[in-house]
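A quick write-up on the structure given underneath.
We did not get these values from a lab; they are worked out from the coordinates using the rules stated. Note that the coordinates shown come from a computational prediction; the quantities given were computed from them, not determined experimentally. FYI the Cβ positions are ideal-geometry reconstructions off the backbone, even for glycines, and counts take in every protein chain you see.
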Amino acid sequence: MWAAFFSPLFALDPDQVRVTGEGTTVDVGEVRDAVTAEAGVPLPRLDTVGLREEILAMNAVKDVRITRSWPDGLAVALTSREPVAAVPQPGDVYALMDAEGVRVATVEKVPKGLPAIVTSLSDAGAGKRALDAALAVLGALPAELASDVKTVSAATQDDVRTTLSDGRVIRWGSGAEVPLKTKVAQTLLRAEPTATTIDVSSPGLPVTH
């Protein structure tokens, strides 16, 4: 009992802390600092629940799993919040948002490969719903299609549109049924390469022109 709870044999060694899953947004140094602050505490006495809550409070951390690695280490597996779009903000800056509408960073210009979302509604509530719909669409797109999206507009929550790198526009309607709409859109992109607009807002009755 003494050896397990008080002996330095099982004390946390900072060199044995392994952090994974940080993605592109999580500050690994901040996570590691929080964990290594517990250096010297025997693993059985380590408050992993409190440590997990501390890490979850950090910017861009969506989830974390902490596992004791006997005799003196910890494995910290992170799930990061990855931005799917940049949203213009007052002051000529952009908020990087994930698919759930959580801000993960603020930058001065849109990062390469990340689309910008434009909502034109003055009503804050309606604008928020339109933004959420646009983020839902972007978050559900397969990587191949998402990487080809240059801009996104959402006049309302039921009128989300994406413009691809070649100028073609896909009208998604709302953020509902995006997986089905995506399959239809990808089929039409291949079948009708000269179409400038593909409307899959009603995926059972798509329209191109």
Study note, to complete from the structure: The answer for VAL61, listing residues at least 5 apart or on another chain whose modeled amide H is closer than 5 Å to its amide H, is ARG81
Exercise for review: Determine the dipole magnitude for segment 2-80: charges of +1 sit on the beta-carbon of Lys and Arg, -1 on that of Asp and Glu, nothing else is charged, the reference point is the Cα centre, and the result goes in debye to the nearest 20.
Suggested key: 260 debye
Practice item. Arrange LYS150, LYS181 by Cβ neighbour counts within 10 Å, fewest through most, would you? Key: LYS150, LYS181
Practice item. Could you run the Karplus curve 6.51 cos²θ - 1.76 cosθ + 1.60 with θ = phi - 60° over segment 174-186 and give me ³J(HN,Hα) per residue in whole Hz, x for Gly and Pro? Key: 8, x, 8, 6, 4, x, 5, 4, 5, 4, 5, 4, 4
Point to revise | Choice from GLY167, GLY91, GLY101 with maximal GNM fluctuation in the chain (Cα, 10 Å cutoff) | key: GLY91
Practice item. Quick one: work out the % antiparallel among DSSP beta bridges in the chain, nearest 5. Key: 70 percent
**Study point:** Residue-averaged [θ]222 nm for the chain, counting only DSSP H segments that reach four residues, each worth -39500 (n - 2.57)
**Key:** -8000 deg cm²/dmol
